[in-house]
Amino acid sequence: MSRGWRYFAALAALLLLNTGHAETASQLTAVHALAPPLAGTADGSGFLERVVREAFRRIGIRLEISAVPAERALINVDSGVDDLDLSRASGFEAQYPHLVRVPEKTMDFEFVAFIPASASPFRTDDWASLQDRTVAFVSGWKIFERHVTRSRETIRAPSIASLFEILKQNRSETVLLERWQGLQAARAASVAVQVLEPPLARAEMFIYLNQRHAALVPPLVAALRQMKADGTYQRILRETLLPAASRKTDR
C-alpha cells in the first residue's frame, strides 16, 4: 500500500470515527521496529505479529503490518499516517499526544547487554555498569537513549541487523537490545555472544493506537484477555518463542 493511499485510508477512518461507526473499518495499518522472532518475519509468523493480528481478528479487523525505523513508527502513528504501533512500553502518550495505549500488555521485554562469547562477563546490575565502555544500540530505542549517558563511546546503529555486525567488527564492546530479538539477530549474523545478567531493565509492552481509534481500546483489551484465558496466547508463545529459546546462541 502506498503512503498516499495510507493517508487516504487514515482520513476515511477518521470520518468513520466521527460518525460513530469506526467499528466498520475492516483493515488498519500497523507498523513496528521489531525483528524476528517477535515481528518482521517473512511469513508474518513472529510472536507479536501473531498475537496482535489475532486480537484484531477477534474484533473484526484485518491488519497490514510493515517494518519501519523506530522513530518513524512513532511519528507515523502519532500523525495518523499509520493506525497503530505493534509494541511499545508505557509512557509514550506523554511525548506523542495523539497516541492511545491499549492497557493490556502483550508481553514483557527484557533489555539486556550482549558481549562476545570470548569476552570477560560483568554484572549489569544498573545502567552505571556500562560506564567507560563502548556501547552500541539501535537509534530510536528510547530506553537506551535515556539511560546510556556515561559510556566511553556510544554508537547508534540504523537497524537491529547492523547492530551485531558492529559487534562482529569489534567496533563496540557491548550491544544493547531486547533479549529475544538479540539472540536471533546474533545467530543471523553468525556472532557468538553471551547475554549479561541481570537485565538492565524490564518493561511491559503494549499496542498503541492513533487517537482516532480510541473506541477500539475496550474491545482490544477484552480480546487480549480472552486469548490469555482460552490458551491462544500460550499456544502462540510455544510455537514461536520457545523454539527460539532452544537454539544455541554461540557457534
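The share of accessible area on the range 114-251 that comes from carbon and sulfur is 48 percent, using a 1.4 angstrom probe. Springs between Cα atoms under 10 Å define the GNM used for the chain, and in it the highest mean-square fluctuation of Gly46, Gly60, Gly80 occurs at Gly60.
Using alpha carbon centroids, what distance separates the range 219-243 and the range 36-107, in Å? If we compute the Cα centre of each part, the gap is 16 Å. For the pair Ser45 and Arg235, the difference between a 0.36 nm per residue extended length and the Cα-Cα distance amounts to 67.1 nm.
For the range 50-92, with all protein chains present and a 1.4 Å probe, just round the carbon and sulfur fraction of the accessible area to a whole percent. Of the solvent-accessible surface of the range 50-92, carbon and sulfur hold 51 percent. Once the Cα atoms are used to define both axes, helix 70-79 deviates from the longest principal axis of the chain by about 20 degrees.
Taking the Cα centre of the range 94-183 as the origin, how large is its charge dipole in debye, to the nearest 20, when only Lys and Arg (+1) and Asp and Glu (-1) carry charge on their Cβ atoms?
My answer is approximately 180 debye.
Extension gain for Arg57-Leu242 works out to 64.2 nm (0.36 nm per residue, less the C-alpha to C-alpha distance). When only Cα pairs below 8 angstrom with a gap of at least 6 residues are kept, the range 139-216 shows a relative contact order of 21 percent. Given their separation in residues at 0.36 nm each and the Cα-Cα distance between them, Glu145 and Ala215 gain 22.0 nm when the chain is fully extended.
Keeping every protein chain present and rolling a 1.4 Å probe, give me the accessible area per residue for the range 181-229 in Å². Please report the intermediate quantities before stating the final value.
Values: 1760 Å² over 49 residues.
So the range 181-229 comes to 36 Å² accessible per residue, rounded to a whole number.
Computed from backbone phi, the HN-Hα couplings of the range 217-223 come to 4, x, x, 5, 4, 5, 5 Hz, rounded to whole numbers (Karplus: 6.51 cos²θ - 1.76 cosθ + 1.60, θ = phi - 60°; Gly and Pro given as x). The HN-Hα couplings worked out from phi for the range 196-207 by the Karplus form 6.51 cos²θ - 1.76 cosθ + 1.60 (θ = phi - 60°) are 7, 10, x, x, 5, 7, 10, 8, 6, 10, 9, 7 Hz, whole numbers, x standing for Gly and Pro. Phi angles across the range 133-146 convert, under the Karplus curve 6.51 cos²θ - 1.76 cosθ + 1.60 with θ = phi - 60°, into 3J(HN,Hα) values of 10, 7, 10, 10, 8, 7, 4, x, 7, 4, 4, 6, 5, 6 Hz, Gly and Pro given as x.
Under a 1.4 Å probe, what is the accessible area of the range 19-173 per residue, stated in Å²?
On the way: 6780 Å² over 155 residues.
Value returned for the range 19-173: 44 Å² of accessible area per residue.
Distances between placed amide hydrogens fall under 5 Å for Ile65 paired with Ala30, all partners being 5 or more residues away or on another chain. Across the chain, C-alpha contacts under 8 Å between residues 6 or more apart give a mean separation that, scaled by the residue count, equals a relative contact order of 27 percent. Averaging 1/r over every pair of different alpha carbons in the range 169-250 and inverting the result gives a Kirkwood radius of 15.9 Å. Across the range 23-143, C-alpha contacts under 8 Å between residues 6 or more apart give a mean separation that, scaled by the residue count, equals a relative contact order of 26 percent.
Between Ala157 and Phe137, Val138, Ser139, the built amide H atoms are under 5 Å apart, and every one of these is 5 or more places off in sequence or on another chain.
The values are calculated or read from the model by the stated rules, or taken from the named source; none is laboratory data. As the structure is a computational prediction, the values presented were derived from the model and not from experiment. Cβ coordinates were reconstructed from backbone atoms using ideal geometry, including for glycine residues, and neighbour counts include every protein chain displayed. Note: accessible area is taken over every heavy atom of the protein model, side chains too, but ligands, DNA and RNA are not part of it. Shrake-Rupley method; radii C 1.70, N 1.55, O 1.52, S 1.80 Å.
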